[in-house]
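One structure is given below, encoded as structure tokens.
Readers should treat all values here as calculations from the given coordinates under stated rules, not as data from a laboratory. Only a predicted model underlies this, so the values are computations on that prediction, with no experimental measurement involved. Don't worry about glycine lacking a Cβ; one is built from the backbone with ideal geometry, like all the others, and counts go over all protein chains shown.
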Amino acid sequence: MGRDKALIRPDRSGPTFAECAALVLEDAGLHPVHLVGRQRALQALSIPVLRDPVGAGHHPLFGFATALADAAHRGARFAILVPCDVPALRTETVIALARCSGAAVAECDGQIQPMFALVPVDWGPAALEAAHAGWSARRFLDRPDVARVRLAAPALSDIDTPDDFAKWMRRRTRGQ
């Protein structure tokens, strides 16, 4: 998109995409909520930031590994990983994933959505190794021991391009 999606503020005085996602997670009863990244501008948000490893390339699995290591340090068994660019994310959607008893990933229209997952914290080292090996997040989570939680497309529609953002803003303005 040409800019950090976490920092997009759809309403000039409203919350950013990252803050909206954090509010949904908190409403689902999940605590603590953190943002993973390395951009300095993230520090200005109301969400604690876990920094990606310095020197690492930009890869979602580095973020997974960072979040999982932090959750493990806090004594958690699992972490829910959610992208910040899903403005239609709802509490019910997060709860559906959180209710799983083991590793799980969202599935929409027959495709897994690897950025929306419940992951055991002890998978952190494997996520880091997979990132260094060039694996995609999809490859990392598309495995038989990961349950699939089927969700409707609108719940997981993400903003990847300026055109996606414009379409979302038009639907939002119309109240859809």
| field | From phi via Karplus (6.51, -1.76, 1.60), per-residue ³J(HN,Hα) for the range 74-80 in Hz, x at Gly/Pro | value | 7, x, 6, 9, 9, 9, 9
| query | Just how large is the dipole of the chain about the Cα centre, in debye to the nearest 20, putting +1 at every Lys and Arg Cβ and -1 at every Asp and Glu Cβ? | reply | 340
| Residues whose placed amide H lies under 5 Å from that of F78, excluding near-sequence neighbours | V121
| task | Kindly rank 38-49, 85-96 from highest to lowest mean number of other beta carbons found within 10 Å of each residue. | result | 85-96, 38-49
| task | Taking H placed 1.01 Å from N in the peptide plane, check which residues at least 5 places from R148 or on another chain put their amide H under 5 Å from its amide H. | result | V105
| Got a sec? Charge dipole of the range 45-164, +1 on Cβ for Lys and Arg, -1 for Asp and Glu; which of G124, C108, A76 is way out at the positive end? | A76
| message | If you restrict to DSSP beta bridges whose two residues both lie in the range 29-176, what percentage is antiparallel, to the nearest 5? | response | 55
| said: Among S136, S101, S13, which one shows the highest mean-square fluctuation when the chain is modelled as a Gaussian network with alpha-carbon springs under 10 Å? | reply: S13
| query | Taking the Cβ of P83 as the center, what net charge do the other residues with Cβ under 11 Å away carry, scoring Lys and Arg +1 and Asp and Glu -1? | reply | -2
| task | Give the label of the value calculated from the structure for P(r) over Cα pairs in 5 Å bins from 0, in percent, choosing from (i) 1, 6, 11, 13, 14, 14, 13, 12, 9, 5, 2, 0, 0; (ii) 1, 8, 17, 22, 22, 17, 9, 3, 1; (iii) 1, 7, 13, 14, 11, 9, 7, 5, 5, 4, 3, 3, 3, 3, 3, 2, 2, 2, 2, 1, 0, 0. | result | (ii)
